[in-house]
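Chemist: I have a structure here, written as structure tokens, and I will follow up with some questions on it.
Coordinate-derived values only; no laboratory data. Everything numeric here is computed off the predicted structure, so don't read it as measured data. Don't worry about glycine lacking a Cβ; one is built from the backbone with ideal geometry, like all the others, and counts go over all protein chains shown.
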Amino acid sequence: MPMNAKNFRRLVNLYPPYLGAGVRVRSVAPDFRHLRVEMALRWYNRNYVGTHFGGSLYSMVDPFYMLMLMQVLGPDYIVWDQAARIAFLKPGRGVLHADFHLTDADLEAIHTRTADGGKYLPEFVVEIRNAEEEVVARVEKTLYVRRKNPPGTD
């Protein structure tokens, strides 16, 4: 469902799980190739030792590469999250942020690897950082991408 970046940001920010976790999409590039999310430490996303709850850290970054690719590639592609791995590197305190980027090389690889209708499992890494730009957690995402109707199959 293609939409403009401004409406996309508004809708995601109203999504109940993100409202509940305190996750906010701060910016989305008009071409959906860059996105920034933030999450402040609140009583409702804090763990027993007073730092960001690990589940909230993961939810903060979970769907964004999939959503960005769906917007960039359009309705001719199937895009799903396939797998993820998170490494917690240091306690998360205060406002944390994560930046997502899709490069020309990422998109070229997707177009090339799916041109014949086969699946492609691109991997992306996103780092969750604190206000001092220290990496708090690193998330590796594997997506599933396939063209719905490759040329010559109509």
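Chemist: Starting from region 112-132, keep only residues that are without any contact (Cβ under 8 Å) to a residue 24 or more places away in the chain and more than 11 Å from Arg147 (Cβ to Cβ), then list their pairs with residues that are surrounded by 12 or more Cβ atoms within 10 Å (Cβ to Cβ) and not small (Gly, Ala, Ser) whose Cβ atoms are within a distance under 6 Å, requiring at least 6 positions of separation or different chains.
Modeler: Pro122/Leu143; Glu123/Thr142; Val125/Glu140
Chemist: Next question. If we keep just the residues of region 84-116 that are part of a helix (DSSP H, G or I) and polar (S, T, N, Q), which is surrounded by the most Cβ atoms within 10 Å (Cβ to Cβ)?
Modeler: Filtering region 84-116 for residues that are part of a helix (DSSP H, G or I) and polar (S, T, N, Q), the one surrounded by the most Cβ atoms within 10 Å (Cβ to Cβ) comes out as Thr114.
Chemist: Looking at (1) touching a helix residue (DSSP H, G or I) at 6+ places or on another chain (Cβ under 9 Å); (2) assigned to a helix (DSSP H, G or I); (3) touching a residue at least 60 places away in the same chain (Cβ under 8 Å), which is the one condition that is false for Asp81?
Modeler: Unmet condition: (2).
Chemist: Being of a type in the set (Val, Ile, Thr) and either in contact with a Pro (Cβ under 7 Å, 6 or more places away or on another chain) or in contact (Cβ under 8 Å) with a residue 40 or more places away in the chain (or both) is the filter here; which residues of region 6-47 pass it?
Modeler: Answer for region 6-47, where residues must be of a type in the set (Val, Ile, Thr) and either in contact with a Pro (Cβ under 7 Å, 6 or more places away or on another chain) or in contact (Cβ under 8 Å) with a residue 40 or more places away in the chain (or both): Val12, Val37.
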